[in-house]
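Please read the structure below before turning to the comments.
Derivation of every value follows stated rules applied to the coordinates shown; laboratory data play no part. All values reported here derive from a predicted model rather than from experimental measurement. Note that each Cβ is placed from the backbone with ideal geometry, even for glycine, and that neighbours are counted across all protein chains shown.
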Amino acid sequence: MKHFIRILCLLVCMAATGMLKANASPLDSIIPTRGLAIAAPSVQKMDLFLKFIEEELAPGHFNLLILRVDWNYAYKSHPELSDPNPLTLQDVKRIAATCRKHNIRIAPQINLLGHQSWAETTYALLRVYPEFDETPHVDTKNYTGWPNPDGLYCKSYCPLHPDVHKIVFALVDELTDAFETNLFHAGMDEVFYIGDDKCPRCNGRDKAELYAGEVTKIQNHLAQQGKRLMIWGDRLIDGKTTGIGAWEASMNNTYRAIDLIPKEVFICDWHYERPEQTAVYFAMKGFDVATCPWRKPEVALKQVDDMVRFRQNSGKQMRDRFQGIIETVWSGADGFLENYYKPADSSTEISEAATIKKLIETYKTMSK
Ligand SMILES: [Zn+2]
């Protein structure tokens, strides 16, 4: 009888695996994550965006969509934080259904901690709740371009403000539930304002600990619901020692946070000018990592080669931490779509559209 049950279990397991494999692509063992990170479209461009998923991303073997939603959603929990004319729940359900049909996972993104302003514009959270501002003495209206005397790139919220998480976690929960996903991307790149000398809560504290504390708090919150955090990797790389500098790495002493955050956090390691080999660093620290190109097809293809090679040359413990490639688009989704569908030959061009087309071509070739 015991033997019979064992065989039965084996058969059930095989059937389950078979069912999973029915949806799997042969690419999954070569390069498991093939993502695109892009802003959510406007309501007006929804149809074109869905067409792009259906006709480009899905046949191009993309299987992850990181969608920068931020304030472009009609939040029921905090309607005061929604931009005018935002995506509705119905819009989000259409995106979710299209992605589900093609086995594309979704990670909606709200920029947490940093990126709370851009140039002269302060975004919804600090506009509505100015008390969360890490640097209230800096007025975005005085922004004069980069560099500037205030060191203003983007505003941050204060991670130690006692009321900030109640609000942002309500948004995170609502958005991930709307997209019916267990992935959430919190951005957290290029945080220049952290542990400010004038912040009564943060001044004098260790910036790595402040950064790690915020990452840990968000990951722990998500984990309670069986969800997982993704972040950009730049704050975890030592910009001085590596020579990678202040943007793609950290020059404000946050990098030691790499040893302080939960290993479940998925790292999106962006490098746009050179195929830096930092994915190895993250994998050796125990993190799942994807390398993120931008608009140089030549760099992106080298990064694909590197990722494949890292996997081939690693033992089983390390191999699966090298998760793949996540292409990034930083122009607005609407403008990007317009460029993408322009008829001009863009095979040698430096652009987001050209890079995606090259990646699609590469994935198609690799899947044969
Ligand atoms: Zn603070």
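Per residue, the chain reaches -11000 deg cm²/dmol at 222 nm when only DSSP H runs of four or more residues are counted, each adding -39500 (n - 2.57). Placing +1 on the Cβ of every Lys and Arg and -1 on the Cβ of every Asp and Glu, with nothing else charged, gives the chain a dipole about its Cα centre of roughly 1620 debye. Ordering of 56-62, 153-159 by packing is 153-159, 56-62, highest average first (other Cβ atoms within 10 Å, averaged per residue). Modelled spin labels at Arg105 and Ala170, positioned 7 Å past Cα toward Cβ, are 2.9 nm from each other. Between the amide H of Leu65 and those of Leu36, Arg105, Ile106, Ala107, distances stay under 5 Å, these residues lying 5 or more places away or on another chain, with hydrogens modeled in the peptide plane. Put simply, when 237-250, 180-193 are sorted by average Cβ atoms within 10 angstrom per residue, most first, you get 180-193, 237-250. Helix 352-366 and the longest principal axis of the Cα set of the chain meet at an angle near 20°. Between the Cα long axis of helix 89-101 and the first principal axis of the chain there is an angle of about 30°, rounded to the nearest 10.
For Leu160, no residue 5 or more places off, or on another chain, has a built amide H under 5 Å of its own. Of interest is the spacing of the C-alpha centroids, which for segment 219-242 and segment 91-167 amounts to 16 Å. Legend: Rg and Dmax of the chain, from Cα coordinates, 21.1, 78 Å.
Between the amide H of Asp189 and those of Trp232, distances stay under 5 Å, these residues lying 5 or more places away or on another chain, with hydrogens modeled in the peptide plane.
For Lys263 and Ser77, the FRET efficiency from 1/(1 + (r/R0)^6), where r spans their Cβ atoms and R0 equals 25 Å, is about 0.25. Extending 7 Å from the Cα toward the beta-carbon at both Glu54 and Ala119 defines two label points whose distance is 3.5 nm.
Between the Cα long axis of helix 2-23 and the first principal axis of the chain there is an angle of about 60°, rounded to the nearest 10. For segment 128-139, 3J(HN,Hα) computed residue by residue from phi via the Karplus equation (6.51, -1.76, 1.60; θ = phi - 60°) reads 7, 10, x, 5, 7, 5, 5, 10, x, 6, 9, 9 Hz, glycine and proline entered as x. On the basis of the beta-carbon distance and an R0 of 35 Å, Leu160 and Gln44 show a calculated FRET efficiency of 0.30. Extension gain, Arg127 to Met318: 0.36 nm times the residue separation minus the Cα-Cα distance gives 64.4 nm.
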